[in-house]
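So the structure is just underneath, and the comments pick up after that.
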Amino acid sequence: MTGVTSVTGVAVDETMRRVLDEEGREVAPPPSVPDDDLLALHRHMLRMRLLDQRMLSLQRQGRIGFYGMATGQEASVTGSAYPLRKGDWVFHALRETGVCLWRGTSIQELVCQLIGNAGDVLQGRQMPMHFSDRKVNSVAWSSVIGTQLPHAMGAAYAAKLLKHDTVCVGYIGDGGTSIGDFHAALNFAAVWKVPAVFFCQNNQWAISVPLAAQTVSSSIAVKAVAYGMPGVRVDGNDLLAVIAAQREAVDRARAGDGPTLIESVTFRMGGHSSSDDPTRYRDAALVETWEKRDPVRRFGAWLRHRALLTDALIEQWTTEINDEISAAVTAAEALPPPGIETLFSDVYAEMPPHLVEQMKYAQALGLGTRFDGAFPL
């Protein structure tokens, strides 16, 4: 293994860690994962992809307003979620909703959030794809890029002070590593030696800006040198390699040895969001090259070689997942908007009299879910 060593003696590995080649053949020992989990991981990646396809279709039909796809990045998302414990905290960005799905969020809850209706766990208070779910310890991100990293660092510092057995993972895209919040979070995390992992999904594009146009660093991982923490570069389309790298970083953080920066090298197959047309700035030949590195196909080939995966099983999963998505959409679209009372809740631990009065007034007027943002005189 070659690498760069910082002045603090922390090794930064700029080689591309890989377990499977692009055809799904082993080139390094795989991490220890039970067979049942291997199948669950593949099914989850398929679930992410089918959900992306259906939600983009709903957006094009005008049934939801906005969606950010993770197609092509399923191994990076799923592999980074797998080593986490239930009590760990996730501070994600646009393309990590699959982490919430893996940890127990339902598809119906996601669809309700995209609609912003009464079934939304956030009660319609966040933009679509800015998901948060307390039951899976997932914190919503802000469209102001990179702000979730100081949040992750702060939560990890709190866990250290409270002596909790908790790891906090902050996700970022390649473009976000050029933002000041990235520097602040990593610097404080290293100085305070907090139990955090900073996971960068380097999908090559910061909306329409290619990686080479926003940094001249030899990698994202090498940026860890400046902060005195380990930096790891991993093939983000190799599920097993991502699991191994994330497991190592999470175990290191949980043991009290401080944070790690992981660069997961992958590719955004679609647009930045449903509002974006990547054909205006991206060469089709580049997309075709990355299509050959499809993480779902690649991991599937390895599972088939181990006689764990069959066409019949894929067909069964596809039917089950499509049925699940259809049922979730039907149920979500039948729900009304959030009730008027939700406008007043969650401001104080105990609602003060003036808010109680205002809420009762709104309810007495029969505004209900027809509230349009203004009280009648």
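Laboratory data are not the source of any read-out in this text; all were calculated from the coordinates shown. As the structure is a prediction and not an experimental result, all values here were calculated from the model. Neighbour counts run over all protein chains shown; Cβ positions are idealised from the backbone, glycine included.
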Original post:
Under a point-charge model restricted to the Cβ atoms of Lys and Arg (+1) and Asp and Glu (-1), what is the dipole moment magnitude of segment 120-247 relative to its Cα centre, in debye to the nearest 20?
Top reply: 380 debye
Original post:
Lys193: which lysines have alpha carbons under 16 Å from its alpha carbon, excluding same-chain residues fewer than 8 sequence positions away?
Top reply: Lys160, Lys163
Original post:
Does anyone have the angle between helix 180-192 and the longest principal axis of the chain? Alpha-carbon axes, 0 to 90°, nearest 10?
Top reply: 70 degrees
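Nothing charged except the Cβ atoms of Lys and Arg (+1) and of Asp and Glu (-1): what's the magnitude of the dipole of segment 90-179 about its Cα centre? Round to the nearest 20 debye.
On the way: 7 positive and 6 negative charges, 47 e Å.
Using Cβ point charges on Lys, Arg, Asp and Glu, segment 90-179 gives about 220 debye.
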Original post:
For the charge dipole of segment 4-333, defined by +1 on Lys and Arg C-beta atoms and -1 on Asp and Glu C-beta atoms about the Cα centroid, which residue among Met48, Gly258, Pro230 has the Cα displaced farthest towards the positive pole?
Top reply: Gly258
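What does the charge dipole of the chain about its Cα centre add up to, to the nearest 20 debye, if the Cβ of each Lys and Arg holds +1 and the Cβ of each Asp and Glu holds -1?
Values: 35 positive and 42 negative charges, 95 e Å.
Computed charge dipole of the chain: roughly 460 debye.
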Original post:
Which one of Ile325, Leu309, Pro30 is farthest out on the positive end of the charge dipole of the chain, using unit charges on Cβ (Lys, Arg +1; Asp, Glu -1) and the Cα centre as origin?
Top reply: Pro30
Original post:
Gaussian network model of the chain, Cα springs within a sub-10 Å range: biggest mean-square fluctuation belongs to which of Met45, Met55, Met153?
Top reply: Met55
Subject >> Whole-Hz couplings from phi, Karplus 6.51/-1.76/1.60, listed for segment 193-206; x for Gly and Pro >> reply: 6, 7, x, 10, 10, 9, 10, 9, 8, 7, 9, 6, 9, 9
**OP:** Apply the Karplus parameterisation 6.51 cos²θ - 1.76 cosθ + 1.60, with θ equal to phi minus 60°, to every residue of segment 45-52 and state each ³J(HN,Hα) to the nearest whole Hz, in sequence, with x for glycine and proline.
**Re:** 5, 5, 4, 4, 5, 5, 5, 4
**OP:** Scan around Val19 for amide H atoms under 5 Å from its own, H built in the peptide plane at 1.01 Å from N, and keep only partners 5 or more places away or cross-chain.
**Re:** Ala241
